[in-house]
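Below: the structure, in structure tokens.
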Amino acid sequence: MILPMSDKSIESVLTENRVFPPSAEFAAQAHPNAQELSRLHSLASLGTEAFWAAQAREHLSWHKPFTQVLDSTNAPNYRWFADGQLNVSVNCLDVHLAAAGDRTAIIFEAEHGEVRRYSYAQLHAEICRFANGLRALGAKKGDRIIIYMPMLAEAIIAMQACARIGAIHSVVFGGFSAPSVRDRIDDAKARFVITADGGWRAGKVVELKTAADKALCEGGASVEHVIVLKHTGEDIPFKEGRDLWWHDVVAGQSTTCQPEWVGAEHPLFLLYTSGSTGKPKGVQHSSGGYLLGAKLTSKWVFDLKRDDVFWCTADIGWVTGHSYVTYGPLANGNTVVIYEGAPTFPDAGRFWKMIQDHKVTVFYTAPTAIRALMKLGDAIPESYDLSSLRLLGSVGEPINPEAWMWYHRVIGGERCPIVDTWWQTETGVIMISPVPGVTSTKPGSCTKPLPGVEADIVDEEGEPVKGLDAGGYLVIKKPWPSMLRTIWNDNARYIETYWAKFGNRYYVAGDSAHRDKDGYYWIMGRIDDVLNVAGHRLGTMEIESALVAHPRIAEAAVVGRPHDVKGESVFAFVVCKGERPTGDTKAFREELRNWVGEQLGAIAKPDDVRFADNLPKTRSGKIMRRLLRTIARGEEITQDISTLENPHIVEQLRGRE
Ligand code: WTA
């Protein structure tokens, strides 16, 4: 059986076979060190349930301790620590106040350069004021609240305030457009939307409130109030009664707030993510298990200590911003840096200048950013003092050896370990990654599963692949506390998407992978129709639906094409109603690109649009996506096209006719 392996990884001109052990100096100060890690692994090998229970007792602060650990009664709808009660914001803030209230929790840098710091005590006070303000509006446990904000401290405050009152937040990435916001509001039946008058991106204002208004006029009937943070100071429309200013909501509110104690299984958040079919699905995460994973992995993978300054560049609109900005590092009492704007504003030295200015010690970003900045040459980073860095991380997509080596040499000064972390929105937290003081790294491999994670690679029958480097489905064989609980409103889809393939025995990640002689995992890419563009997940079907919503488009098929910076780019094959456009189609292609941008967000705009009279289909009517991928890459066609219903259109699709 040949798996539908992705063939989309960036071609590498560099083969890098060296292995990079951590320096003796790094290893000596790291936690976990080799001994601690082996103790964790051996504890986990005695039984994952007992292992996780011990971790949950040691690392979380419980209002009511749990007595049940794993409940598999309704597998694969697993439950963890279900009779325990806690509050996530108490675990991120209150627990630090006595000993470390003055410690910096957040260093915020605005795009125009203003820096604001929040100590744990200040952050706690702001979260309490906002939580009280939400309560005063009638918000309560279980309500869904959409957060559609720029990357500001207030975004973290909003998330934590929801957690404090037991409301379920659903953050929508600020780069998504009005229809995406509307779909999420409608699916979650949100009562509140929290947004800002706008955000800054590359010197321009992103009009979030305008997009939120548009979303609400086309749907969003469940929304009672829109809370608007004044940030850019732009004039914005304001709907009396519905819209409220953030500063009015918090005015006069107390800086303490009685937390809502929730069961460990109470949903902390929904985060919508793309799959191969239908609209984005609301991945539902728990309070107790999720927080445990976020806290532990922040410690294990980033070796975070009291004096560290941790900068994860992810926006809170993505899971990385949830687990490694808002929850994990704060649960550990660490200092996080957040930045509102574009990495290249006002110039390509911005990241490096911020590392220098804030003395960042641990830096976590995506390969796309590394590749984009690498292209601009070594001189830019070399003109900044990056000596504060001690550890680097990568997330969201495969990192090619060139980018890894550049990150290692130019940014890490050859002294910082690199943690290439594999995980997903659904896994909640990092699953496969080096432990930086212990694991020798190999450029391009996310190395080995963390303690308690039982990963494997299986064939079509669900049996472990035989032989070294044999590719197969990446699966997780045992439930883990931070796993998704379900898809909001659609448990059948949860089971179908992640479990059904192997009879509900394993969690099926949707990635293919292989393992080398040292047991290291190498992620090969998605096995489904999900693209990874600049580290962002996009479903081909979402883009196709957006295209066919255009009045002139009859049919569309979207595939990914390797891209040297973004990893993958969107390539759309389009069939128009009526005549196929010929001659100079530039303006029309641009119109379609912008159309997709308006429907979904700029990240989904196709880089290429090609017109044809028809799409290549088999006689049973299935679109031949592999063929389209070959064509998009400009490669020779090796597939058998004799079964094509309409072989003549291949020349059109290749742009030769
Ligand atoms: C991909 C992001 C290779 C993978 C945290 C996964 C990776 C999808 C890596 C999840 C990595 C993530 N190496 N591929 N280190 N990390 N991926 O949900 O295909 O936005 O399934 O979560 O990104 O993307 P998501």
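The values are calculated or read from the model by the stated rules, or taken from the named source; none is laboratory data. Here the structure is a predicted model, which means the values were calculated and not measured. Note that we place each Cβ from the backbone using ideal geometry, even for glycine, and neighbour counts take in every protein chain shown.
Observations on the model:
- On the stretch given as region 401-425, residues that are surrounded by 23 or more Cβ atoms within 10 Å (Cβ to Cβ) and not aliphatic (A, V, I, L, M) total 8.
- Residue under evaluation Gly220, criteria (1) modelled with pLDDT of 95 or more; (2) more than 16 Å from the ligand (Cβ to nearest atom), criterion not met: (1)
- Taking region 466-478 as the range and being under 30 Å from Gly84 (Cα atoms) and in contact with a helix residue (DSSP H, G or I) (Cβ under 8 Å, 6 or more places away or on another chain) as the test, the residues that pass are Val475, Lys478.
- Of the strands (runs of 3 or more DSSP E) lying entirely inside region 62-161, those containing at least 2 residues that are among the hydroxyl-bearing types (Ser, Thr, Tyr) span 115-119.
- Conditions (1) in contact with a Leu (Cβ under 9 Å, 6 or more places away or on another chain); (2) crowded, with 23+ Cβ neighbours inside 10 Å; number of the one not met by Trp311: (1)
- Conditions (1) within 20 Å of the chain's Cα centre (by Cα); (2) in a loop (DSSP other than H, G, I, E, B); (3) of a type in the set (Gly, Ala, Ser); (4) under 30 Å from Ile168 (Cβ atoms); number of the one not met by Ser323: (2)
- Test: Ala294 is part of a helix (DSSP H, G or I), more than 28 Å from Thr335 (Cβ to Cβ) and at pLDDT 95 or above: no
- Strands (runs of 3 or more DSSP E) contained in region 349-429 and holding at least 3 residues within 12 Å of the ligand (Cβ to nearest atom): 391-395, 418-421
- Residues of region 52-73 that turn out to be of a type in the set (Asp, Glu) and surrounded by fewer than 16 Cβ atoms within 10 Å (Cβ to Cβ), as a count: 1
- Annotation note: of Ser38, Ser23, Ser45, the sole residue that is exposed (fewer than 13 other Cβ atoms within 10 Å of the Cβ) and hydroxyl-bearing (Ser, Thr, Tyr) is Ser45.
- Single unsatisfied condition, Glu426 versus (1) of a type in the set (Asp, Glu); (2) at pLDDT 95 or above; (3) more than 20 Å from the chain's Cα centre (by Cα): (3)
- Yes/no for Ser440 being more than 17 Å from Asp518 (Cβ to Cβ), surrounded by fewer than 24 Cβ atoms within 10 Å (Cβ to Cβ) and either within 16 Å of the ligand (Cβ to nearest atom) or more than 19 Å from the chain's Cα centre (by Cα) (or both): no
- Any hit, region 456-472, residues being under 21 Å from the mean Cα position of the chain (by Cα) and of a type outside the set (Lys, Arg): no
- Filtered residues of region 508-528 (kept if away from the ligand (no atom under 12 Å from the Cβ) and surrounded by 22 or more Cβ atoms within 10 Å (Cβ to Cβ)): Arg515
- Ala587, sole failed condition from (1) crowded, with 16+ Cβ neighbours inside 10 Å; (2) assigned to a helix (DSSP H, G or I); (3) of a type in the set (A, V, I, L, M): (1)
- Residues located in region 297-320, provided they are within 16 Å of the ligand (Cβ to nearest atom) and assigned to a strand (DSSP E or B): Cys312
- Taking the criterion of being out of contact with any strand residue (DSSP E or B) (no Cβ under 7 Å at 6 or more places or on another chain) and either under 14 Å from Arg561 (Cα atoms) or in a strand (DSSP E or B) (or both), the residues of region 619-643 that qualify are Arg626, Leu627, Thr630, Ile631, Gly634, Glu635.
- Just one of the listed residues (Gly113, Gly101, Gly47) is within 30 Å of Thr344 (Cβ to Cβ) and without any contact (Cβ under 8 Å) to a residue 40 or more places away in the chain, and it is Gly113.
- Given (1) modelled with pLDDT of 95 or more; (2) surrounded by fewer than 18 Cβ atoms within 10 Å (Cβ to Cβ); (3) out of contact with any strand residue (DSSP E or B) (no Cβ under 9 Å at 6 or more places or on another chain); (4) of a type outside the set (A, V, I, L, M, F, W, C), number of the condition Ser388 does not satisfy: (3)
- Count - residues of region 240-268 that are farther than 30 Å from Gln284 by Cβ and either part of a loop (DSSP other than H, G, I, E, B) or under 27 Å from the mean Cα position of the chain (by Cα) (or both): 6
- In region 255-276, residue nearest to Ser482 (Cα to Cα) [restricted to those that are β-branched (Val, Ile, Thr), surrounded by fewer than 22 Cβ atoms within 10 Å (Cβ to Cβ) and more than 16 Å from the ligand (Cβ to nearest atom)]: Thr256
- Selection within region 189-234 - assigned to a helix (DSSP H, G or I) and either touching a helix residue (DSSP H, G or I) at 6+ places or on another chain (Cβ under 7 Å) or buried (at least 17 other Cβ atoms within 10 Å of the Cβ) (or both): Leu208, Lys209, Thr210, Ala211, Ala212, Asp213, Lys214, Ala215, Leu216
- For Glu454, the stated conditions do not hold, so it cannot be described as within 10 Å of the ligand (Cβ to nearest atom) and acidic (Asp, Glu).
- None of Asp143, Asp102 is in contact with a Ser or Thr (Cβ under 9 Å, 6 or more places away or on another chain) and either closer than 26 Å to Ala264 by Cβ or surrounded by fewer than 24 Cβ atoms within 10 Å (Cβ to Cβ) (or both) except Asp102.
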